[in-house]
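S.K.: Quick one: the structure is below, and I'll ask about it shortly.
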Amino acid sequence: MLRQRTNGFILPSLLNVNQTSQALDAMEKSGRIVCMCHANPDGDAVGSLLGLVSILQKKYPEKNILAICKDPAPDSFRYLPGVREITPSYVPTSGDLFLSLDSGDAKQTGYLEELPELFDPKRAKEKGIVTMKLDHHHTGSDFAEFNFVDSTAASTAEIVVDVADALNFEIPKDAATCLLTGIFTDTGSMMHSNTSTRVYRTAARLLKAGADHGAMTHHVFRTSKLSTLKLWGRMLEKISLSEEGAAISAVTAGDFRATGADFSELTGAIDYVNSIPGMKFSLILSERDGKVKGSLRTLRDDVDVSAMAKKFDGGGHKRAAGFSVDGKLEEETRWKVVPSKESLQQK
């Protein structure tokens with residue numbers, strides 16, 4: 001990634017010199033810094049959130065640094081330092097710096113209807129609140145006053161590392177563990193096509209800072225709850241292949257109840273569906289809280305699943321995307337009659 005120098009900092013190309021200076025000044029002047037990630041958080045969301053909070057706590061020990069998320073972190077990420085400090089409650093206050101992480105669209109945060117002023121720079125400014133956004137999705141909107149978006153990054157955690165290094169902020173050991181988790185989960189343990197030389201350099205940077213690779217590997221990739229395995233079994237059993245070249249499966253509210261699994265336990269299942277040879281793309285539909293969520297994946301260069309997700313007001317990346325619509329799932333069985341060879345010959 002191209003870099004430019006200013007005031008002794010090495011700035012990633014996504015950071016405009018003037019904008020970065022203004023953003024840093026806003027951090028210095030803020031009375032409180034509130035960091036938030038998207039609802040139903042995955043590894044990158046939780047890792048970026050907690051990683052940045054740890055960095056800011058080290059840089060500004062005199063400030064109140066909050067971590068907020070509409071939903072709790074999945075059990076597999078409960079090992080992360082600071083995870084129990086995440087709260088769903090937030091009352092905006094004049095002097096706050098509100099920082100959104102890994103959220104392409106405001107509605108993904110779960111706070112758009114409750115706190116709409118936070119996603120309108122003009123209204124936020126009128127209330128004395130500065131808003132920032134760090135994200136790596138190429139779909140979405142620039143809903144903050146300062147938008148640091150780099151769609152070439154494999155994860156938002158990667159951007160947090162770049163920004164911290166650019167501003168000469170120390171990355172503590174705890175932050176390094178959180179950020180490495182974000183990178184590993186969004187690259188499928190370095191197996192997805194978004195794994196670049198930049199990803200390996202950033203991972204090495206975090207390991208050098210003291211990231212606990214062993215704890216991450218154990219909790220995220222080598223630990224599965226019985227309820228998770230049962231849920232995945234139901235999901236795998238329902239896979240069907242469409243004439244369009246898609247591998248599709250569904251998980252109903254009844255499946256969650258029968259297995260005792262939480263919604264977050266479906267995380268990662270899409271990668272198994274996506275491993276079927278010859279498929280153009282894969283789709284998992286899941287039913288929860290009056291909504292149907294869709295997860296899309298593809299391994300092909302000629303398929304853009306983010307364009308599919310956009311038709312349902314969703315978004316994401318070219319090879320990994322998702323959407324959410326109000327409604328429920330209904331199973332449909334389709335039959336067709338195939339004449340036997342004998343009947344055809346008689347004709």
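S.K.: Stretched out fully, how many nm does the piece from ASN64 to ARG201 gain, at 0.36 nm a residue minus the Cα gap?
M.R.: The span from ASN64 to ARG201 would gain 46.2 nm if fully extended.
S.K.: While we're here: Output the 0 to 90 degree angle, nearest 10, between the alpha-carbon long axis of helix 43-59 and the longest principal axis computed from the alpha carbons of the chain.
M.R.: Once rounded, the angle reads 10 degrees.
S.K.: Okay, next question. Can you sort MET308, MET190 from fewest to most other Cβ atoms within 10 Å of each residue's own Cβ?
M.R.: On the way: MET308 19, MET190 13.
If I rank by nearby Cβ atoms, fewest first, I get MET190, MET308.
S.K.: Right, another one. If you find the alpha carbon centre of the stretch 93-167 and of the stretch 284-330, how far apart are they in angstrom?
M.R.: Rounded to whole Å, the Cα centres lie 22 Å apart.
S.K.: Quick one: order SER21, SER103 by neighbouring beta-carbon count within 10 Å, fewest to most. Intermediate results must be reported in sequence, preceding the final value.
M.R.: Details: SER21 15, SER103 27.
Listing SER21, SER103 from fewest to most nearby Cβ atoms yields SER21, SER103.
S.K.: Going by alpha carbons, how many degrees (0 to 90, nearest 10) lie between the helix axis of 226-237 and the longest principal axis of the chain?
M.R.: Around 50 degrees separate the two axes.
S.K.: Report ³J(HN,Hα) in whole Hz for each residue of the stretch 144-151, in order, from the Karplus equation J = 6.51 cos²θ - 1.76 cosθ + 1.60 where θ = phi - 60°; Gly and Pro get x.
M.R.: Result, ordered by residue: 10, 5, 10, 10, 9, 10, 10, 6 Hz.
S.K.: By DSSP, what percent of the beta bridges with both residues in the chain are antiparallel, rounded to the nearest 5?
M.R.: Working: 22 of 49 bridges.
Bridges in the chain are about 45 percent antiparallel.
S.K.: Tell me, what ³J(HN,Hα) does each residue in the stretch 304-311 have, in order and in whole Hz, if you take phi through Karplus 6.51 cos²θ - 1.76 cosθ + 1.60 with θ = phi - 60° and put x for Gly and Pro?
M.R.: 10, 6, 5, 5, 5, 5, 4, 5
S.K.: Normalising by the residue count of the chain, find the relative contact order in percent from Cα pairs under 8 Å and 6+ residues apart. Write down the numbers at each step before the final one.
M.R.: Numbers: 652 pairs, mean separation 45.0, N = 347.
In percent, rounded to a whole number, it is 13.
S.K.: I've got another one for you. From zero outward in steps of 10 Å, how is the percent of C-alpha pairs of the stretch 205-342 spread across the bins?
M.R.: 11, 34, 32, 17, 5, 1, 1, 0
S.K.: Quick one: among ASN147, ASN64, ASN274, which has the greatest mean-square fluctuation in a GNM of the chain with alpha-carbon springs under 10 angstrom?
M.R.: ASN64
S.K.: Next question. Can you give me the distance in nm between label points at LYS225 and GLU237, each placed 7 Å from the Cα along the Cα-to-Cβ direction?
M.R.: For LYS225 paired with GLU237, the spin-label model returns 2.0 nm.
S.K.: Let me check against my output: what whole-number percent is the relative contact order of the stretch 226-326, with C-alpha pairs under 8 Å and at least 6 apart?
M.R.: Details: 194 pairs, mean separation 20.9, N = 101.
RCO, the stretch 226-326: 21 percent.
S.K.: OK, next. To make sure I understand, if each residue's beta carbon is the centre and we count other beta carbons within 10 Å, what order do TYR111, TYR79 fall in, fewest to most? Let's see the in-between values first.
M.R.: Values: TYR111 24, TYR79 17.
Exposure proxy ranking, most exposed first: TYR79, TYR111.
S.K.: So how compact is the stretch 89-214: Cα radius of gyration and Dmax in angstrom?
M.R.: Calculated on Cα positions, Rg and Dmax stand at 15.8, 46 Å.
S.K.: Among the DSSP beta bridges whose two residues both lie in the stretch 226-326, what percent are antiparallel, rounded to the nearest 5? Intermediate results must be reported in sequence, preceding the final value.
M.R.: Values: 18 of 24 bridges.
Percent antiparallel among DSSP bridges in the stretch 226-326 is about 75.
S.K.: May I ask you to list the trypsin sites (Lys or Arg not before Pro) in the stretch 194-269 that are in a DSSP loop and have at most 11 other Cβ atoms within 10 Å of their Cβ?
M.R.: Hits after loop and neighbour filter: ARG222.
S.K.: Under 5 Å between amide hydrogens, which residues at least 5 positions from LEU66 or on another chain qualify, with H placed 1.01 Å from N in the peptide plane?
M.R.: ILE33, VAL34, CYS35
S.K.: Compute the long axis of helix 17-29 from its Cα atoms, compare it with the longest principal axis of the Cα atoms of the chain, and write down the angle in degrees, 0 to 90, nearest 10.
M.R.: 70
S.K.: Report the extension gain between ALA253 and GLU114 in nm, rounded to one decimal, defined as 0.36 nm multiplied by the number of residues separating them, less their alpha carbon distance.
M.R.: Values: separation 139, 0.36 × 139 = 50.04 nm, distance 2.57 nm.
That works out to 47.5 nm of additional length.
S.K.: Amide H to amide H under 5 Å from ARG288: which residues, 5+ apart in sequence or cross-chain, H placed 1.01 Å off N in plane?
M.R.: LYS293
S.K.: Just to verify a number: FRET efficiency for ASP142 and THR333, C-beta to C-beta distance, R0 = 51 Å, to 0.05?
M.R.: On the way: r = 45 Å, r/R0 = 0.88.
The calculated FRET efficiency here is 0.70.
S.K.: Calculate the length of the line joining the C-alpha centroid of the stretch 38-53 to that of the stretch 199-244, in whole Å.
M.R.: When both Cα centres are located, 15 Å separates them.
S.K.: May I ask for the Rg/Rh ratio of the chain, computed from Cα atoms with Rh as the Kirkwood radius, given to two decimals? Display every interim value, and only then the final one.
M.R.: Working: Rg = 21.8 Å, Rh = 21.3 Å.
Across the chain, the Cα-based Rg/Rh ratio is 1.02.
Throughout, read-outs are computed from the coordinates displayed, never taken from laboratory work. Given the structure is predicted, the values throughout are model-derived calculations rather than measurements. Note that we place each Cβ from the backbone using ideal geometry, even for glycine, and neighbour counts take in every protein chain shown.
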